[in-house]
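Asker: Got a structure for you, written out below as structure tokens; questions coming shortly.
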Amino acid sequence: MAYGKRSSWGAIKELAFGSLSDTYAAVGSAITKAARIVKITNNTNETVYFSVDGSTDMLKLPENSFQIWDITTNKALGNKPQFIEVGTQFYARHITAVAPTSGWISVEYLIVESGS
């Protein structure tokens, strides 16, 4: 019996606190399959900005916090689901004068697979 698409976990992306500076650093490698749900965690002791282009501040996460984005909850025009595209690279940087002294940044996500 065919059910359509299925989801599975993508490989976690991480960046240790010591690799954060006031310029953007890649958080792991780019995603290799379309992502439908993304969790971005800032487990450091400083506020961090996130980006997907490496230069524009797009998301601000306070210390020890996270956000979950369920991209496919609602359908786009034409009843087609939305996804974060293959090849998206996540970046992070600290925004205070003081660099983090503990913790890590992570991106976890569910990928879209063909299903049965």
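Asker: Would you mind telling me which residue in Ala11, Ala25, Ala97 has the biggest mean-square fluctuation in a Gaussian network model of the chain, where springs connect alpha carbons within a distance under 10 angstrom?
Answerer: It is Ala97.
Asker: A further question on this structure: For a quick check: sort Trp69, Trp104, Trp9 by the number of other beta carbons within 10 angstrom, fewest at the front.
Answerer: Fewest-to-most Cβ neighbours within 10 Å comes out as Trp9, Trp69, Trp104.
Asker: Here's a follow-up. Rank these for me by crowding, Thr96, Thr88, going from fewest to most other beta carbons within 10 Å.
Answerer: Final ranking by Cβ density, sparse to dense: Thr96, Thr88.
Asker: Okay, next question. Would you indicate which of [x] 14, 48, 31, 7, 0; [y] 14, 43, 33, 9, 0; [z] 14, 43, 27, 12, 3, 0 is the value of P(r) over Cα pairs in 10 Å bins from 0, in percent derived from the coordinates of this structure?
Answerer: Of the labelled values, this structure produces [z].
Asker: Using a 10 Å cut-off around each Cβ, can you sort Val48, Val38 from fewest to most neighbouring Cβ atoms?
Answerer: By the 10 Å Cβ count, ascending, the order reads Val38, Val48.
Asker: Which residues does the label zone of Lys39 cover in region 5-30, counting backbone N under 15 Å from a point 7 Å along Cα→Cβ?
Answerer: Inside the label zone: 8-14.
Asker: Can you tell which of Val86, Val52, Val98 shows the greatest fluctuation in a Gaussian network model of the chain with Cα springs below 10 Å?
Answerer: Val98
Asker: Obtain the nm distance between the two label points defined at Ser102 and Ala11 by a simple spin-label model: each point lies 7 Å from its Cα along the Cα-to-C-beta direction.
Answerer: In this crude spin-label approximation the distance works out to 3.0 nm.
Asker: In region 12-77, what trypsin sites (Lys or Arg not before Pro) fall in a loop by DSSP, with at most 11 other Cβ atoms inside 10 Å?
Answerer: Those satisfying the criteria are Lys75.
Read the figures in this text as sums done on the coordinates, not as results from a lab. Since we're looking at a predicted model, the values are computed, not measured. When we count neighbours, we look across all protein chains shown, and the Cβ atoms used for this are built from the backbone with ideal geometry, even at glycine.
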